Amino acid sequence: MDAERLDGIMRRHDYAPSGVIAMLQDLQREERYLPLEGLRLIAERVGIPASRVYSLATFYRSFSLKPRGRHLVSVCLGTACHVRGGGRIMDKVTRDLGTPQGEMTPDGRFTVEPVRCVGCCGLAPVVTVDETFYGGMTQQKVAGVLRRYE
Amino acid sequence: MILASPLPRLEDVPFFAHQRLVVMRHRGRIDPERIDDYIALDGYEALPKALLEMTPEKIIGEVKTSLLRGRGGAGFPTGVKWELCRKAPGERKLLICNADEGDPGEFMDRSVLEADPHAVLEGMVIAGHAIGAGEGILYVRDEYPLALRRMQVAIDQAEAYGLLGSDILGSGHSFRIRVIRGGGAFVCGEETALIASVEGRAGRPSPRPPFPAQRGVWGFPTTINNVETLACIPAILLRGGAWYASMGTETSKGTKVFSLVGKVKNTGLVEVPMGTSLRRIVFDIGGGIPDGKRFKAVQSGGPSGGCIPEGLLDLPVDYEALTKAGAIMGSGGLIVMDETSCMVDVARYFLGFLMEESCGKCTPCREGILRMHEILTDFTEGRGTEAQLALLEELAPVVKDASLCALGGTASNPVLSTLRYFRDEYKAHILDRRCPAGVCRSLITYVIDEGRCTGCMVCRRACPAEAISGGKRKPHRIDPERCVKCGACRESCNFDAVRVA
């Protein structure tokens, strides 16, 4: 993690305590997760207890304190996806990759996470890989999708 | 040359014929990233009218006449909300547009933000003028990258045209909008939790009063409106509150956008006048259930809502009618379920969602949802007892009454409504250890119909557990001991030979 870049992020949000969530979002966008070192630096520079930064990083669902793989596979488990078999897609993905939800594959290729609705419920069940959406997924199709990523 | 059959007009397509577009009137007709497109239709026509010709009181009066109610879920009258904030003492006031659309299975706000961003901005500037706020905050879900980008583009364009910023159109009204990205916490849809999040804290609700109109962000009077609510405002000011109030039912006026999804042929966003029947929405607009299956229920209102059975399909959609049926309007999610959807599983699904999203501050919500989820898990896994069913029925109203905010206050709805209409399904799970819809894994087995099986080996290859035996052109068999019930064989079979028993 680059401390200078993190300082740039903090500057963008005026080093303000109210901007910590936005800082964490920006940091995660760059690092793909939140390194503990980053949380410590933010606490120090903004002047709030590290426990408060940690509490924000663990309260909000979109933050991850674990390193993520090169590609983030999000399996939608929103209601429409649930009734159309999203859960079975999740099982298939974790089974094929041999890694539980929220964990990175040993080769660093993927992290699989559940997501509660990505807002394209008409296409259910949906899987997103990084920023690409795949709709109408089946167990067979999702295996083909994952093969496209290195 | 005359075409034998001309292209149908929009209103000739059943999906669109019964819709009435107010909020979505620009959908697909403009390039959302070009402000000129919006202006070329009727965009930013309501703004000069509001800022130069109308006093804040007159705007509030018009919105009150329209009888518009908040589209985020609770259905509080928008005009009254604005008036409370207007009258609240204080120099500095804030307006928040709540675009943290959190209900799973719904995407009305996302679509409005992406397809017609300036309508939301125009509504915000007008609302700001009405309540006396110079600052607006747009709180958008971080999971909506396109919506975030389009809103930023729209804000930049509106500023360049002098429609946002200081002294807008020479009216003396200044209004600036800041975008804040949500952190993915469902509870932040609740007003006091949203305020905490805007202030940079964990989004935990606090007791009301004080209401946000009295003490909101940083203690200043704050109005929080939903995206769809704000997008209605330009049309209401242009055509008049009376016009808007001419649509709908006694207590629910105007149109409502619904996200029609699940086991229905035509999925998508549907905008209809309030009072339209569920039957019309699901069957005439949605085209009914695919694959010749039977309709079972429609789930309305997200995790706070309930399941409405076939017998109530003629119910008009209206805030009060849905609440009476044990569901809620919510923000407009309609998830259609057919005979292959298990209602116990659906209730368990919503509790699982709420269990994860409960902020943990108050005990009834934190512990009550957890316990209800445990009980439903036992039902779906074949360990349920009648004593547990009684406990569930005792617990559900307690969680409802004793929780601090609406998340816990409505968490029992999916349980109570399914118990009310689909008690037989609960009984089948508990007494017969059977899931009639064939969903709950512990209670079903996959079998191959030997009469239909062609012995093509496709399922054998698809099976991750090597549970299928049988050679080429010989009927296959599933070994129940090895089967992990993933359903891969059923999905892959081209001859509909895999059955759930």
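The values are calculated or read from the model by the stated rules, or taken from the named source; none is laboratory data. Quantities reported herein were computed from a predicted structural model and do not represent experimental measurements. Note that we place each Cβ from the backbone using ideal geometry, even for glycine, and neighbour counts take in every protein chain shown. Calculation scope for accessible area: heavy atoms of the full protein, side chains included, ligands and nucleic acids excluded. Shrake-Rupley method; radii C 1.70, N 1.55, O 1.52, S 1.80 Å.
Screening A:Glu31, A:Glu37 for residues that are at pLDDT 95 or above, open to solvent by 20 Å² or more (accessible area, probe 1.4 Å) and more than 14 Å from chain B (Cβ to nearest Cβ) leaves exactly one candidate, A:Glu37.
Screening B:Ala99, B:Ala115 for residues that are touching an Asp or Glu at 6+ places or on another chain (Cβ under 6 Å) and within 14 Å of chain A (Cβ to nearest Cβ) leaves exactly one candidate, B:Ala99. Could you say whether any residue in the stretch B:126-136 is farther than 21 Å from B:Leu68 by Cβ, away from every other protein chain (no Cβ under 11 Å) and either more than 24 Å from the chain's Cα centre (by Cα) or modelled with pLDDT of 95 or more (or both)? The answer is yes; a qualifying residue exists. Summed over the stretch A:87-105, residues that are small (Gly, Ala, Ser) and part of a helix (DSSP H, G or I) total 1.
Within the group B:Ile60, B:Ile35, which residue is among the β-branched types (Val, Ile, Thr), surrounded by 14 or more Cβ atoms within 10 Å (Cβ to Cβ) and under 16 Å from B:Ile126 (Cα atoms)?
The unique qualifying residue is B:Ile60.
Selection of the stretch B:425-474 for residues being surrounded by 15 or more Cβ atoms within 10 Å (Cβ to Cβ), under 18 Å from B:Phe495 (Cβ atoms) and touching a strand residue (DSSP E or B) at 6+ places or on another chain (Cβ under 7 Å) yields B:Tyr446, B:Val447, B:Ile448, B:Cys459, B:Arg460, B:Ile468, B:Gly470. Just one of the listed residues (B:Leu313, B:Leu260) is under 20 Å from B:Gln19 (Cα atoms), away from every other protein chain (no Cβ under 14 Å) and surrounded by 17 or more Cβ atoms within 10 Å (Cβ to Cβ), namely B:Leu313.
Here B:Thr229 fulfils each of the conditions (1) open to solvent by less than 10 Å² (accessible area, probe 1.4 Å); (2) more than 18 Å from the chain's Cα centre (by Cα); (3) under 23 Å from A:Gly119 (Cβ atoms) apart from (2). Screening the candidates B:Glu386, B:Glu339 for the property of being touching a strand residue (DSSP E or B) at 6+ places or on another chain (Cβ under 6 Å) and either away from every other protein chain (no Cβ under 12 Å) or surrounded by fewer than 20 Cβ atoms within 10 Å (Cβ to Cβ) (or both) yields one hit, B:Glu339. Out of the residues in the stretch B:410-424 that are of a type outside the set (A, V, I, L, M) and open to solvent by less than 20 Å² (accessible area, probe 1.4 Å), which is farthest from B:Ser341 (Cα to Cα)? Within the stretch B:410-424, the match that is farthest from B:Ser341 (Cα to Cα) is B:Ser412. Just to be sure, is A:Val75 more than 8 Å from every other protein chain (Cβ to nearest Cβ), open to solvent by less than 10 Å² (accessible area, probe 1.4 Å), of a type in the set (A, V, I, L, M, F, W, C) and closer than 24 Å to B:Ala185 by Cα? The answer is yes for A:Val75.
Kindly evaluate B:Glu190 against the criterion of being more than 13 Å from chain A (Cβ to nearest Cβ), at pLDDT below 95 and crowded, with 23+ Cβ neighbours inside 10 Å. When the stated conditions are applied, B:Glu190 passes them. Checked against (1) in a helix (DSSP H, G or I); (2) at pLDDT 95 or above, B:Asp291 passes all but a single condition, namely (2). A count restricted to the stretch B:466-501 and to residues that are within 14 Å of chain A (Cβ to nearest Cβ) and acidic (Asp, Glu) stands at 2. Would you call A:Leu56 crowded, with 21+ Cβ neighbours inside 10 Å and out of contact with any strand residue (DSSP E or B) (no Cβ under 8 Å at 6 or more places or on another chain)? When the stated conditions are applied, A:Leu56 passes them. Considering (1) assigned to a loop (DSSP other than H, G, I, E, B); (2) touching a residue at least 60 places away in the same chain (Cβ under 8 Å); (3) in contact with a Lys or Arg (Cβ under 6 Å, 6 or more places away or on another chain), the lone condition that B:Met337 does not fulfil carries the number (1). For A:Gly69, the conditions (1) in a helix (DSSP H, G or I); (2) in contact with a Ser or Thr (Cβ under 6 Å, 6 or more places away or on another chain) are fulfilled apart from (1).
Against the list (1) within 23 Å of B:Ser304 (Cβ to Cβ); (2) within 11 Å of chain A (Cβ to nearest Cβ); (3) of a type in the set (A, V, I, L, M, F, W, C); (4) surrounded by fewer than 24 Cβ atoms within 10 Å (Cβ to Cβ), the condition B:Phe107 fails is (4).
Counting only helices (runs of 4 or more DSSP H) that sit completely within the stretch B:351-448, those holding 3 or more residues that are in contact with a Ser or Thr (Cβ under 8 Å, 6 or more places away or on another chain) and of a type in the set (Gly, Ala, Ser) correspond to B:406-409.
With respect to being crowded, with 22+ Cβ neighbours inside 10 Å and farther than 15 Å from B:Asp100 by Cβ, B:Thr223 fits the description. Take the conditions aliphatic (A, V, I, L, M), buried (at least 17 other Cβ atoms within 10 Å of the Cβ) and closer than 30 Å to B:Val187 by Cα and apply them to B:Val80. Does it pass? Spelling it out, it is not the case that B:Val80 is aliphatic (A, V, I, L, M), buried (at least 17 other Cβ atoms within 10 Å of the Cβ) and closer than 30 Å to B:Val187 by Cα.
Test A:Arg70 against the stated conditions and say whether it is among the basic types (Lys, Arg) and at the interface with chain B (Cβ under 7 Å from one of its Cβ atoms). For A:Arg70, the condition - among the basic types (Lys, Arg) and at the interface with chain B (Cβ under 7 Å from one of its Cβ atoms) - is not met.
Applying the condition of being within 20 Å of B:Leu322 (Cα to Cα) and within 13 Å of chain A (Cβ to nearest Cβ) to the stretch B:265-284 and asking which residue is nearest to the chain's Cα centre (by Cα) yields B:Leu269.
Restrict the check to the stretch A:62-77 and report whether at least one residue is more than 15 Å from B:Gly183 (Cα to Cα), more than 19 Å from the chain's Cα centre (by Cα) and among the hydrophobic types (A, V, I, L, M, F, W, C). No, the conditions are met nowhere in the stretch A:62-77. Out of A:Arg29, A:Arg61, one residue alone is in a loop (DSSP other than H, G, I, E, B) and not aromatic (Phe, Trp, Tyr). It is A:Arg61. Take the conditions more than 29 Å from B:Glu106 (Cα to Cα), of a type in the set (Val, Ile, Thr), open to solvent by 10 Å² or more (accessible area, probe 1.4 Å) and more than 20 Å from the chain's Cα centre (by Cα) and apply them to A:Val83. Does it pass? Criteria not met by A:Val83.
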